[in-house]
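Encoded as structure tokens, the structure appears first; notes follow it.
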Amino acid sequence: MELTAKTGVQRVRHEIQRRDIVVSRIEQLAPAYLRITFSGESLQGFTSLSFDDHLKFILSDEGDARVWRDYTPQHFDPVSRELTLEFALHEQGPASDWARSAAVGTAATVAGPRGSMIIPRDYDWHLLAGDATALPAIRRRLDELPAAANVIIIASGDDGERLLPASTAAAATAAGTGMRSVQRVANDEEMVAAVRALSLPGGLGYCWCAGEAAAMKQLRDVLANEKRHPRDAMRVAAYWKQGAASHHENLE
């Protein structure tokens, strides 16, 4: 069955497999942002059905203990068996340290995704809001949405405006296609303020937000309580939490 906005979100579970892979390409998209492509026969059967998916990237710390971090499968090519992840580089941290030192041939291990939450693409409009950790999912969603989709993006962490497209309202109107409105903000406080200041379009829209836990709780309250946006037409996720080593929580 083809999903439509009226049928709503579909959740699909996947069998979790641990996969050993190696780095095949590295691209520096911005000073603090890397795209790393992995390959390996173990990727046979890998499945990621939603831009909102996340897998576990498995590392070892200095004491050889396991460290798990969540990453969005940015792209997967089942023919070449290549999986692409994007890394927002922080000043320190095991995943950022690993990404900085990675080279072609460097080994890695991933597991998942555990499941997919498939959000229909034919909503009247889409709101995508998040920080640097959400940019891979936002970029994947933009690639997957039809040209006619109307999208509002509010994002922090777009280093040098290199990762997201410019607003396309004028060009879209002339071409008769959908509109892309991109608002870049400096921090979480500005992101919450920008969402609060929005006049949400008419029709049935879907709101997707991801980032730091405290900021996402504020965004959830703004959308649900102030904007009165239907809770079954939003997804708000805490991709990380200030002061916590590893955190992923679905808030709405």
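Please treat every number below as a calculation from the coordinates, not as lab data. From a predicted model like this one, the values you see are computed outputs, not experimental measurements. Don't worry about glycine lacking a Cβ; one is built from the backbone with ideal geometry, like all the others, and counts go over all protein chains shown.
Cα to Cα, under 26 Å, and not fewer than 8 places away if on the same chain: which lysines meet these conditions relative to residue 56?
217, 241
Between residue 77 and residue 186, what is the spin-label point distance in nm, taking each point 7 Å from the Cα along the Cα→C-beta axis?
Using points 7 Å along Cα→Cβ, the separation is 4.1 nm.
Taking 0.36 nm per residue of sequence separation and subtracting the Cα-Cα distance, how much length would be gained by fully extending the chain between residue 7 and residue 228, in nm to one decimal?
77.5 nm
For the chain, modelled as a Gaussian network with Cα springs under 10 Å, which listed residue fluctuates most, 218, 92, 183?
Highest fluctuation of the listed residues: 92.
Fewest first, what order do 189, 91, 86 take by the number of other Cβ atoms within 10 Å?
If I rank by nearby Cβ atoms, fewest first, I get 91, 189, 86.
Taking the Cβ of residue 152 as the centre, find all other residues whose Cβ is under 14 Å away and add up their charges (Lys, Arg: +1; Asp, Glu: -1).
Surrounding charge for residue 152 is +4.
Find the relative contact order for the chain and round it to a whole percent, using C-alpha pairs within less than 8 Å whose residues are 6+ positions apart.
18
Out of the DSSP beta bridges found with both residues in the chain, what percent are antiparallel (nearest 5)?
If we restrict to bridges inside the chain, about 60 percent are antiparallel.
Residue 100 to residue 122: extension gain in nm, 0.36 nm per residue of separation minus the Cα-Cα distance?
Between residue 100 and residue 122, full extension yields 4.1 nm more.
As a test of understanding, state the convex hull volume per residue of the range 10-116 from its alpha carbons, in Å³.
102
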